[in-house]
Structures are given as structure tokens and as C-alpha cells.
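Where a number appears in this text, it was derived from the coordinates with a stated rule and is not lab data. Only a predicted model underlies this, so the values are computations on that prediction, with no experimental measurement involved. Glycine gets a Cβ as well: all are built from the backbone with ideal geometry, and neighbour counts include every protein chain shown.
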């Protein structure tokens, strides 16, 4: 890495707010990988902290309060990693609500996707998120990380039982995120994006 280039600001979005969720286990593993990269500066948005975000997209005082801690982390991000479970072949409503409350924050920025679930490992949720982010003019990176049968993939310390494949997948995904993040940041600085 070029030490004269400042790190990209990456916001990790933890997309589940379900009681008893498994997301924090996967998130802790993911955050370790992001922390280990000197080319990334980390921010976290947890959907579970946005329980008071209204489901009606109207600029109410409640919405303003709920968004006050989230919007700056999304606005200042150069790139995103969205962590999602798969519920009923898609991603959770709380994550969709958080995404829908923002528009310009996602535009012309890359999004990496990490998923977990049962047999499909959350990959159907990932494919739905690709469509949503395309509509918001964001670029999803090709490589993902997915945990199939996630509960059985981690030990009681919250570490992957076999870290080889997920660690390699995380490196490839984050390498792509950095490339897209730098390219899109330079492009936005040279010429503002308009949709």
C-alpha cells in the first residue's frame, strides 16, 4: 500500500435487528479483517441501533432523531460493507428501511456484501441487495463472503471453525472494495456524479 494515500473510509452496516441474532458473531469476524487493513478506516452502523427509524418515509422529528447518528457515517463513507442474514429468501426489513432512508449517501460508491444463513448462506439476500444498490447508483463488488449453515461454522469463541476459505474470500472482497473505492472516489472528485 502507498503510505502517502489516506485510507478509505469504509462503513460496515450490520443488517439484522432480530432478537437473538447471529449477526454480531459474523460482524466481529468481519471487523477484525477490516481493522487489519491499513488502507481502510472503519465506521460501523448497526441496524439494531436504529429501532426508532419510522417505516413511513416522512421527515418527522422522530426520523430526524433516528437518522442523526447514521447519516453522517453513510455520507462520509468512501465504501461500504453490508452484512446481511437471509430471511425468507431475502434480506431483513430493518436493513431495507435503513437503505431506503438514504439516497445520495450510496451514489457512485462501492458496496461489498457479506451474508450468512442456512443452506444458501444468505446468497439470495445478496442478489436482492445487488438490485437495490444498482437502483441507488451504487456499485456492488463481484466477490462476496457467505457463511452456509452459519451457526455450525463458528466455534463457541465466535471464530470460524475452518477460517481458510472465509479469510481468503474476505481478502479478495476487500481488495476489490479498495480498488473500486479509490477509483470511484477519484472520479467523484474529478467530476461530481449526477443521476
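Can you tell me how much longer the chain between residue 164 and residue 123 gets when fully stretched, taken as 0.36 nm per residue apart minus their C-alpha distance, in nm with one decimal?
Numbers: separation 41, 0.36 × 41 = 14.76 nm, distance 1.95 nm.
Length difference between fully extended and current span is 12.8 nm.
Short-range pairs are left out: with C-alpha atoms under 8 Å and at least six residues apart, the relative contact order of segment 63-186 is 26 percent. Full extension of the chain segment joining residue 100 with residue 18 gains 27.6 nm, where the gain is 0.36 nm per residue of separation less the Cα-Cα distance. Summary of the geometry: segment 20-43 and segment 46-65, compared by the centres of their Cα atoms, lie 24 Å apart.
Please list 38-48, 52-62 highest first by mean number of surrounding beta-carbon atoms within 10 Å per residue. List each step's numbers first, then the result.
Values: 38-48: 17.5, 52-62: 11.1.
Those peptides, ordered most packed to least, come out 38-48, 52-62.
Work out the FRET efficiency for residue 142 and residue 68 from their Cβ-Cβ distance, taking R0 = 25 Å, and round it to the nearest 0.05. Approximately 0.15, to the nearest 0.05. Counting neighbouring beta carbons within 10 Å and listing from fewest to most, the residues 33, 148, 89 come out as 89, 148, 33.
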